[in-house]
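The values are calculated or read from the model by the stated rules, or taken from the named source; none is laboratory data. Fair warning: this is a prediction, and the values are worked out from it, not measured in the lab. Using ideal geometry, Cβ is built from the backbone for each residue, glycine included, and neighbour counts are taken over all protein chains shown. Note: areas computed on protein heavy atoms with side chains; ligands, DNA, RNA excluded. Shrake-Rupley method; radii C 1.70, N 1.55, O 1.52, S 1.80 Å.
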Amino acid sequence: MKVYLVGAGPGDPGLITVKGRDALARADCVLYDRLASEQLLEYAPAHAERIYVGKKRARHEMSQEEISALMVDRARKGRTVVRLKGGDPFIFGRGGEEIEALAAANIPFEIVPGVTTPLGLAAYTGVPLTHRDHTSAVTFVTGHRVDAIDWAKIGASETVVLFMGLVNFAAIAHEMIANGRSAETPAMAVRWATRPDQETLVGTLATLPELIQRQHLRPPATIVIGEVVKLRDRFNWFEKLPLFGKKIVVTRDRRQAAELASPLSELGAEAILLPAIEIQEAEDAEPIDQAIARLRTYDWLIFTSVNGVRYFVEHLDRSARDLRALSSLKICAIGPATRAAVETLHLKVDLMPDEYVAEKLVAAFTEENLNGRRILLPRAAVARDVVPKELTRRGASVEVVEAYRTVAPAALAEHAAEVFAHKPDWITFGSSSAVKNLIDAAGPAALAHTKIASIGPVTSATIRENGLEVDAEAKQYTMDGLIAALIQAESKPVAQQ
């Protein structure tokens with residue numbers, strides 16, 4: 001029985017502390033608010049109860065008293081509770097009120113600090129809150145009640161950071177100017193700091209209120225006032241990232257989505273997970289298990305995907321054999337990721353085509369004498385027949401066994417409707433299976449207004465067969481190639497796209 005008050009950071013889920021992540025991994029119950037990234041809930045165990053407790057200026061899902069009571073209730077039931085709060089629990093986060101309730105109920109608690117919004121905002125806008133040449137003092141102030149603040153004192157601070165002051169900023173700016181602060185003092189407002197949809201308005205103490213009104217900037221936003229704002233033009237790195245602000249849908253299996261989603265996030269995009277395929281065990285394991293039992297009878301082992309390697313090795317581990325049974329085989333792999341998966345096992349790849357499609361794999365065997373050679377090909381249940389047909393035609397005996405299968409995830413149609421309602425900029429496809437599953441679930445019309453990026457010509461052909469256009473295609477048929485194609489497409493002038 002324990003409650004952890006964990007600072008979730010300002011928005012970018014990567015900014016949570018290691019200790020905060022570890023607390024989530026132990027949680028039986030997570031109470032999270034609007035400013036905490038829902039991606040952080042992935043760190044909690046599958047069994048953990050997840051409760052949204054709201055906290056928005058005009059609407060609260062629960063009152064503060066109800067939230068405190070809920071923490072006490074779950075803790076008294078013997079559960080490990082994480083109260084996940086945006087920013088830092090003790091910087092205008094009402095963490096003090098929550099630990100008062102826990103202490104009064106004799107509930108053990110621990111505070112895990114987080115990156116408070118001004119620190120994240122400073123880093124992601126290129127505006128240092130302190131700078132030897134500009135300021136040596138920073139004041140944090142809440143803008144909820146204009147009349148409760150002595151603006152003669154606060155306004156004199158070299159750098160002022162306003163929490164929750166967007167709605168009242170016109171009145172606050174008036175008070176600061178009336179109390180002696182120059183109307184020309186640089187000022188900026190930042191909404192959703194550190195997230196891909198970060199929005200920044202820059203002006204002066206006199207002009208920023210009108211800019212906020214004209215641009216219809218809404219909470220949550222934080223305002224910085226001071227000479228350091230001038231440094232933004234020089235140090236603004238985040239909003240200059242090549243994919244900043246783009247909403248990009250990732251359709252890979254959820255367990256493998258990070259290979260694409262993580263680098264997209266590092267390039268400034270919002271990676272939206274919409275798994276259109278799910279990798280599962282072979283429906284009938286007997287064929288692959290029998291093939292493993294007679295591994296020494298084969299001359300070649302061909303892997304066409306990382307999943308083929310993974311599931312082959314899992315079946316090998318469950319058998320009476322181990323990697324020593326591969327000592328007499330040569331290994332062929334399609335693509336650098338598949339090769340890396342093989343080499344992780346401390347095995348050498350004897351052959352890899354220069355392009356990562358079935359036709360090039362067949363061509364790579366040109367110099368090999370295949371007459372009478374026995375080849376084992378563990379792969380997905382549904383796959384193209386180019387490789388086994390062509391290698392058989394050249395004299396080889398090819399045994400294809402199902403190592404795994406791809407299926408459409410449950411509730412794919414509902415998930416797709418939710419994703420497309422947010423009007424993403426791009427959707428990415430790494431396989432024809434993902435294309436077929438998503439179109440079967442959502443229909444081609446759902447994708448009609450979203451640009452499509454494909455990993456290669458085979459996947460592109462499937463997209464076009466369904467009446468859709470391909471806006472970007474990887475030149476190298478890998479995840480890195482797919483990312484490069486997105487960057488190239490986004491770097492072109494609009495008229496050329």
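Could you look at the chain and say what percent of its accessible area is carbon and sulfur, using a 1.4 Å probe and all protein chains? Before the final figure, lay out the partial values.
Details: 11700 of 23490 Å².
Looking at the chain in its full context, I get 50 percent from C and S.
Tell me what the chain gives for mean residue ellipticity at 222 nm when only DSSP H runs of n ≥ 4 count, each as -39,500 (n - 2.57), the sum divided by the residue total, rounded to 500 deg cm²/dmol. Before the final figure, lay out the partial values.
Values: 18 runs with 160 residues, N = 497.
The per-residue figure over the chain is -9000 deg cm²/dmol.
Please work out the Cα center distance from region 422-439 to region 279-293, rounded to the nearest Å.
Comparing the Cα centres of region 422-439 and region 279-293, I get a distance of 29 Å.
Just need the relative contact order of region 1-97 here, percent rounded to a whole number, with Cα pairs under 8 Å and 6+ apart.
Working: 185 pairs, mean separation 41.4, N = 97.
Averaging sequence separation for qualifying contacts and normalising by length gives 43 percent for region 1-97.
With every protein chain left in place, what is the accessible area per residue of region 1-49 in square angstrom, probe 1.4 Å?
Working: 2070 Å² over 49 residues.
Per residue, region 1-49 has an accessible area of 42 Å².
Could you name the lysines in cross-link range of LYS389, using Cα to Cα under 21 Å and dropping any fewer than eight places away on the same chain?
The qualifying lysines are LYS330, LYS360.
Sorting check: for 474-481, 61-68, 110-117, which peptide has the highest mean count of neighbouring beta carbons within 10 Å, and how do the rest follow? Each step should come with its number before you reach the end.
Numbers: 474-481: 18.5, 61-68: 15.5, 110-117: 21.8.
Top to bottom by mean Cβ count within 10 Å: 110-117, 474-481, 61-68.
So if I take the centroid of the Cα atoms in region 121-199 and the same for region 383-418, what is the distance between those two points in Å?
One Cα centre to the other: 57 Å.
Under the Kirkwood approximation applied to all pairs of distinct alpha-carbon atoms, what is the hydrodynamic radius of the chain in Å? Don't skip to the answer; put the middle values down first.
Working: mean 1/r = 0.0381 Å⁻¹.
Over the chain, the inverse of the mean reciprocal pair distance is 26.2 Å.
Report the percentage of all Cα-Cα pairs in region 104-183 whose separation exceeds 15 Å, rounded to a whole percent. Provide the component values of the computation, followed by the final result.
Numbers: 2058 of 3160 pairs.
Summing the P(r) tail past 15 Å for region 104-183 gives 65 percent.
Using +1 on the beta carbon of Lys and Arg, -1 on that of Asp and Glu, and nothing else charged, what's the dipole of region 97-162 about the Cα centre, debye to 20? Before the final figure, lay out each step's value.
Values: 3 positive and 8 negative charges, 53 e Å.
So the magnitude is around 260 debye.
Order of 33-40, 90-97, 139-146 by packing, highest average Cβ count within 10 Å first?
Values: 33-40: 19.1, 90-97: 17.1, 139-146: 15.4.
Peptide ranking by packing, descending: 33-40, 90-97, 139-146.
When only alpha-carbon atoms are used, what values of Rg and Dmax, in angstrom, describe region 180-301?
Just the Cα atoms of region 180-301 yield Rg and Dmax of 25.5, 89 Å.
Accessible area per residue of region 80-132 at 1.4 Å probe, in Å²?
Details: 2110 Å² over 53 residues.
That works out to 40 Å² per residue.
Quote the Stokes-Einstein diffusion coefficient, in whole µm² s⁻¹, for region 423-497, based on the Kirkwood radius over alpha carbon pairs, a temperature of 20 °C and a viscosity of 1.002 mPa s. Can you show the working numbers first?
Values: Rh = 12.4 Å.
Taking Rh from Cα pairs, D becomes 173 µm²/s.
Which shape class applies to region 55-193: rounded if a/c is under 1.5, otherwise prolate when a/b exceeds b/c and oblate if not, where a ≥ b ≥ c are the square roots of the Cα gyration tensor eigenvalues?
Numbers: a/c = 2.62, a/b = 2.01, b/c = 1.30.
Prolate, because a/c is 1.5 or more and a/b exceeds b/c.
Note the direction-averaged projected area, equal to a quarter of the hull surface, for the Cα convex hull of region 1-99, in nm². Walk me through the intermediate numbers first.
Working: hull surface 22.6 nm².
Averaged projected hull area, Cα only: 5.7 nm².
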